[in-house]
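Q: Okay, handing you the structure first.
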Amino acid sequence: MKDLERQKASSWLLLLGYFGFFLILIGIICLVPLTMLPFYPSELSQAYAFLIPGFGSIAVGFFLSLLLRGKQGRFTPFQNNFLFVMVWVLGILIGSIPWLFEGHYSFSQAVFEATSGLSTTGLSVVDVSKTSHLFLFYRSFLSFVGGVGLVLVLTSALANHSEFGLYLLEGHNDRLLPNLGKSSRLIFAIYTFYVIFGTLLYLWAGMPLFDAVNTAMSALSTGGFSTNPSSIAGYQSVGIELVTELLMILGSWNFVVHYFLLKGDIKKAFCHYEFGVFLFLLVTAFPLLSYSLGVSFHSAALGVRYGFFEFVSAITTTGFTSLPSYQGVPPAVMTILILLMIIGGQSGSTSGGLKESRVAYLFFGLREYLGTSFHSPLSVSTHYCHHFGEKEVIRREETHHAFVFALLYLLLLLLGSLGLTLHGYSFEDSLFEFSSALGTVGLSVGIVSASAPASILWIEILGMFLGRLEISAVFSLFVQSFKIEKEALYAHQKKAHRQSEI
């Protein structure tokens, strides 16, 4: 019994050590915007907003990280979930401190902006025309780090201490290299290369340098933050729209796709069942969007241009827009965009939503159900799908998980939308706004704004948080906490009963 108690105490010390490393990481993230000062020295007066939380977090993290020295071990499923959820909670809370120091934002607004950045949503209460370069860069960088994944960035620093369970919880469903730390660093390097490449393309398309860097980070992370008050529509450039579409699509692909592209293995990169879902949506939703927008703008060319951009922005859950406004847009367009935002991009990518993998398994499950309904169960053959070039059996457990996750997702979507309707908004607008938050998209019909009440912001914060953490990890933590509490109460009652017998 004592050995078990020592093991538990040791694992919790290990957990605190992990928190220490993460605090160092988030502290460094807070300091990165200061690299803009040589280019904008007039904003030096705002440096304290990043210095205080940055060095404070690093200092606390350093002392906690000392607990990891000479210690190795594995976490229980509960500790894995606890660490994963708390890493994101701490990231959001510490990430909101610079916005509080900025002086123009309430606690709710600061937490909202940090959540939107790290969850790669892109909804914002910030007036970009009045915000300094330091803070604009900060929120774009938060989006980039959140897109790659806080746990992935953490494991890239921890090397041999990395926990594969944490890696899986964040949605990274494939290990690229045998060593988890090396896999994480490879992914981070690939995405950094894409940001540099995207920045150069934006410069070629005529975008200013500062805008190019920020937009490249936001587009690749499918975050949707823009330095232009009118988003991508403000540039009125087909070239900039094409570059943005390319980066959004790259960001919505599974990390493994980029790995195989790097190796030159095109077949393994694209012979994957999730691309089937994307192509189906492309040939169905895109023509409908183009037609509806073409009628609305009285131009078939504009319909195709705007239709493809809005299709890519919604399905990749980025949230950029090329439309001047959503006012007067046909209801059919809004309905299609809601459906695309719910579906989202590929698993193991920077995008949100249900994910195309789960949508595919919903279809597989429906096909199996119809097969067993009209035929004898013995006559139904085994079905397969292509997973990065490999033919794999479609497992019933995966189908079951997809249906359960979809049910939870749609239930939360309904509850969040109803919460927004209590503030006087129509159900259609509320559904659009909350599906944007839960899918970490960032498209908005105007419900979220600097003047929005705190209650609306917290409904959206909850949606963004649960959407980025993919719901199941948070629910699992609550279930495990309840189970542990129940077991502890049972053990206490049993001990008390034994003592009473003595």
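Laboratory data are not the source of any read-out in this text; all were calculated from the coordinates shown. Because the structure is predicted, anything quoted here is derived from the model rather than measured. With ideal geometry, Cβ positions are generated from the backbone for all residues, glycine too; neighbour counts draw on all protein chains shown.
Q: Given 0.36 nm per residue, what is the gain on full extension from HIS383 to ILE196 after removing their alpha carbon distance, in nm?
A: 63.1 nm
Q: Sticking with the crude label model, points 7 Å out along Cα→Cβ, report the distance from GLN236 to LYS267 in nm, one decimal please.
A: Placing both labels 7 Å beyond Cα along the Cβ direction yields 5.0 nm.
Q: Roughly how many nanometres apart are two label points built 7 Å out from the Cα toward the Cβ at PHE297 and PHE63?
A: Output for this residue pair reads 5.8 nm.
Q: Could you give the dipole magnitude of the stretch 268-473 about its Cα centre, charging the beta-carbon of Lys and Arg +1 and that of Asp and Glu -1, in debye to the nearest 20?
A: In debye, rounded to 20, the stretch 268-473 gives about 280.
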